[in-house]
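This report concerns only the one structure given below.
The values are calculated or read from the model by the stated rules, or taken from the named source; none is laboratory data. Predicted model, so just to flag it, every value in this text is computed and none were measured. Here the Cβ is made from the backbone with ideal geometry for all residues, glycine too, and neighbour counts use every protein chain on show. What goes into the accessible areas is simple: the full protein's heavy atoms, side chains included, and nothing from ligands, DNA or RNA. Shrake-Rupley method; radii C 1.70, N 1.55, O 1.52, S 1.80 Å.
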Amino acid sequence: MTFLLFAMGLVLLVVGSSLFVDAAVRIAKRFGLSEMLIGATLVSVGTTLPELLVSATAAFQGHAEMAAGNAVGSVICNTALVAGAVQAIRPSMGDFEGFRRSYSQFFLAACAYALLVLTGGGITRFGAAALIFLFVLYTAQSCRQAKKERQPDAKDAPEGRAAGDLVLTAFSACMLFVGATLLVDNGSAIARLLLVPERVISISMIALGTSLPELLTAVTALRKRHAAIALGNVIGANILNIVLVSGVAGLIRPMEAQPGFMDVDIPVMLLVSLLLAVPGFVGKKLYRWQGVVLLVMYALYIGYLYGAG
């Protein structure tokens, strides 16, 4: 039964990601928004729902370390695995200004998060409130950018009503949420059957499970030749993991950082983030070698976790 539920979760994620990308692309065209912006906002909100639920639930149940590991592990997974796969398959930036703006916001948030953890020994309620404040600022800036980019008279606007696409977006986001929940719950059960340590489960399998919507959405976006949505989704999801997911979990229950979290996980998060950003900022384009290196780094990181665990 566990393996059947795991498979059902995967099917929901595959179908839901396809519907989500289709609806998001139509919304972007209807309102004249760039695919990078729609990926960094609407798509990333939908695909980050699993991380938010898992971290909030873990915090409520007193597993603050699991909440922290899920958020940072998801950022590492999104950047090294999802963005790495995107660039290895089809290197593309699409919108340099959008990439520069969104990634700068993410990296500032990541540095603020790292500073809070290093100075406070974790995420206190004050630190969590600061992260939520950054989320409010990010949301306000995204709304201003959307208003600036909006072109109501876009010639390529699709036919039909916007309400239908919004309903489809909400429905497919629910499919992603349910699918990821099934995968996390049953994937963790399978891991326990295989005698995998709990710490490794929380920062690898659960983080990977909650990042599957981003991965499958990225694959679907690439297949439909919307690479900017795939990349924008990764960046937006990373921002939300840092400021919203960690902020909400920290407000529920302060998170005390463990030695491995401070010495390994956060440095790896910042390293893979720099590897994706720096060549793009310098050369104004992304490269296939970046994707290959990121994928190798993710494999080495997971290997280290299992070896150390």
(message) Restricting to the range 48-106, count the residues that are more than 18 Å from Val234 (Cα to Cα), hydroxyl-bearing (Ser, Thr, Tyr) and surrounded by fewer than 24 Cβ atoms within 10 Å (Cβ to Cβ).
(response) 1
(message) Exactly one of these conditions fails for Val278: (1) farther than 19 Å from Ala112 by Cα; (2) assigned to a helix (DSSP H, G or I); (3) out of contact with any helix residue (DSSP H, G or I) (no Cβ under 9 Å at 6 or more places or on another chain). Give me its number.
(response) (1)
(message) Condition first: open to solvent by 10 Å² or more (accessible area, probe 1.4 Å) and within 13 Å of Phe60 (Cβ to Cβ). Now tell me which residues in the range 238-253 satisfy that.
(response) Val248, Leu251, Ile252, Arg253
(request) Check off (1) modelled with pLDDT of 75 or more; (2) within 30 Å of Ala128 (Cβ to Cβ); (3) touching a Gly at 6+ places or on another chain (Cβ under 9 Å) for Pro91 and give me the number that stays unchecked. (result) (2)
(request) Write out, first by first residue and then by second, each pair whose Cβ atoms fall under 7 Å of each other, whose residues are 6+ apart or on separate chains, and whose first residue, in the range 51-64, is within 17 Å of Ile201 (Cα to Cα) while the second is assigned to a loop (DSSP other than H, G, I, E, B). (result) Ala59/Arg253; Gly62/Arg253; Ala64/Arg253; Ala64/Pro254
(message) Checking Arg225 against (1) assigned to a loop (DSSP other than H, G, I, E, B); (2) modelled with pLDDT of 85 or more, only one condition comes out false. Which one?
(response) (2)
(message) Being of a type in the set (Gly, Ala, Ser), modelled with pLDDT of 80 or more, assigned to a helix (DSSP H, G or I) and buried (at least 21 other Cβ atoms within 10 Å of the Cβ) narrows it down to one residue among Ser202, Ser172; which is it?
(response) Ser172
(message) If the requirement is being part of a helix (DSSP H, G or I), within 14 Å of the chain's Cα centre (by Cα) and buried (at least 17 other Cβ atoms within 10 Å of the Cβ), which of these qualifies: Val45, Val25, Val21?
(response) Val45
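Condition check ((1) farther than 17 Å from Leu5 by Cβ; (2) out of contact with any His (no Cβ under 8 Å at 6 or more places or on another chain); (3) not polar (S, T, N, Q)) across all residues:
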residue	(1), (2), (3)
Asn186	no, yes, no
Leu193	no, yes, yes
Val196	yes, yes, yes
Leu212	no, yes, yes
Arg223	yes, yes, yes
Ala227	yes, yes, yes
Asn233	yes, yes, no
Leu240	yes, yes, yes
(message) If I ask for residues that are assigned to a helix (DSSP H, G or I), surrounded by fewer than 11 Cβ atoms within 10 Å (Cβ to Cβ) and at pLDDT below 70, which ones from the range 124-168 would you list?
(response) Lys147
